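Visitor: One structure, as structure tokens, below. Some questions next.
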Amino acid sequence: MMTNLFSVFDPTTNLFNLSLNWLSTFLGMLIIPYMFWLLPNRFTFLWINVLTTLHKEFKTLLGTSSFQGSTFIFINLFSMILFNNFLGLFPYIFTSTSHLTMTLTLALPLWLSFMIYGWINHTKHMFAHLVPQGTPPVLMPFMVCIETISNIIRPGTLAVRLAANMIAGHLLLTLLGNTGPSCTMSIFSLLIIGQLLLLTLESAVAIIQSYVFAILSTLYSSEVN
């Protein structure tokens, strides 16, 4: 029962005998980006340079007619896929980008939004894309069918490319790792070296596949403008 109208403001909430009411004072600090709290280091400069380079490249691909800030969605896409790919290289961590559930969730809405925007706002331009320049009149119906099919399967190829590359490397690492207990010491040392080389290759694949996914998404976006 409330004995005093202002008793609700008393700092009485506690957990493990610690007063938690005053923690609300520091909640605002969680909103401030960590770069305001840490001194600039090599990792920060490296990541800023990577993002700046990607921004310039995506801006070039999208052209001058693109909306301001349209490159940020592709930079965020690259960053998210890159972090997920690298997390999957650690033992006992689920690789979400190796499943079509994840990759199709990224590719399909992007492609669908590009198509809806392009066909509503640039209908003639989208029809012109179905027939490549210089196509003979006899081949035009076939080219329209081929271009339509290639356009429809784009989200599938994006999703399968990323998932298949992630699965292939991890599967090879797992198969080689399972043969370790039955190997001799000399073969086991060669197996360790091979695993390290494969892990290095997988690190490169993690970067390349996230870059390819973002670049192809940018190219598909540039075609509707």
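The values are calculated or read from the model by the stated rules, or taken from the named source; none is laboratory data. Since we're looking at a predicted model, the values are computed, not measured. Don't worry about glycine lacking a Cβ; one is built from the backbone with ideal geometry, like all the others, and counts go over all protein chains shown.
Visitor: Looking at segment 198-225 only, could you name the residues that are modelled with pLDDT under 90 and in contact with a His (Cβ under 8 Å, 6 or more places away or on another chain)?
Guide: Matches in segment 198-225: E223, V224, N225.
Visitor: Hey, another quick one. Return the pairs, sorted by first residue and then second, in which the second residue is at pLDDT 80 or above and among the β-branched types (V, I, T), the first residue lies in segment 168-180 and is closer than 19 Å to L100 by Cβ and surrounded by 12 or more Cβ atoms within 10 Å (Cβ to Cβ), the beta carbons are less than 7 Å apart, and the residues are 6+ apart or on different chains.
Guide: Filtered contacts from segment 168-180: G169/V205; H170/T95.
Visitor: On to the next question. Conditions first: (1) in a loop (DSSP other than H, G, I, E, B); (2) under 24 Å from M80 (Cβ atoms). V131 passes all but one, so which condition is the exception?
Guide: Against the list (1) in a loop (DSSP other than H, G, I, E, B); (2) under 24 Å from M80 (Cβ atoms), V131 comes up short only on (2).
Visitor: Pick from segment 17-71 the residues that are surrounded by 10 or more Cβ atoms within 10 Å (Cβ to Cβ) and among the β-branched types (V, I, T): which of them is modelled with the lowest pLDDT?
Guide: The selected residue is T44.
Visitor: Within segment 181-216, can you find the residues that are in contact (Cβ under 8 Å) with a residue 24 or more places away in the chain, of a type outside the set (G, A, S) and surrounded by 15 or more Cβ atoms within 10 Å (Cβ to Cβ)? Reasoning before the result, please.
Guide: Of all residues in segment 181-216, those in contact (Cβ under 8 Å) with a residue 24 or more places away in the chain come to 198-199, 201-203, 205-207, 209-216.
Those still in the list that are of a type outside the set (G, A, S) too: 198-199, 201-202, 205, 207, 209, 211-213, 215-216.
L198, E202, V205, I207, Q209, Y211, V212, F213, I215, L216 - these are the residues of segment 181-216 that are in contact (Cβ under 8 Å) with a residue 24 or more places away in the chain, of a type outside the set (G, A, S) and surrounded by 15 or more Cβ atoms within 10 Å (Cβ to Cβ).
Visitor: Which one is farthest from I153 (Cα to Cα), of the residues in segment 81-101 that are hydrophobic (A, V, I, L, M, F, W, C), in contact (Cβ under 8 Å) with a residue 12 or more places away in the chain and part of a helix (DSSP H, G or I)?
Guide: Selected residue: F86.
Visitor: Look at L158 and say whether it is over 24 Å from S222 (Cβ atoms), assigned to a helix (DSSP H, G or I), in contact (Cβ under 8 Å) with a residue 12 or more places away in the chain and of a type in the set (A, V, I, L, M). Don't jump to the end; show me each part of the working.
Guide: Values: over 24 Å from S222 (Cβ atoms): no; assigned to a helix (DSSP H, G or I): yes; in contact (Cβ under 8 Å) with a residue 12 or more places away in the chain: yes; of a type in the set (A, V, I, L, M): yes.
Answer is no for this residue.
Visitor: Scan segment 181-192 and tell me whether some residue there is among the small types (G, A, S), assigned to a helix (DSSP H, G or I) and closer than 17 Å to F90 by Cα. So that I can check it myself, show each step before the final result.
Guide: Here is the first cut: in segment 181-192, the ones among the small types (G, A, S) are 182, 186, 189.
Checking the rest, the ones that are also assigned to a helix (DSSP H, G or I) come to 182, 186, 189.
Checking the rest, the ones that are also closer than 17 Å to F90 by Cα come to none.
Among the residues of segment 181-192, not one is among the small types (G, A, S), assigned to a helix (DSSP H, G or I) and closer than 17 Å to F90 by Cα, which makes the answer no.
Visitor: May I ask you to say which residue of N151, N165 is within 24 Å of S66 (Cβ to Cβ) and either out of contact with any Lys or Arg (no Cβ under 8 Å at 6 or more places or on another chain) or part of a loop (DSSP other than H, G, I, E, B) (or both)?
Guide: N151
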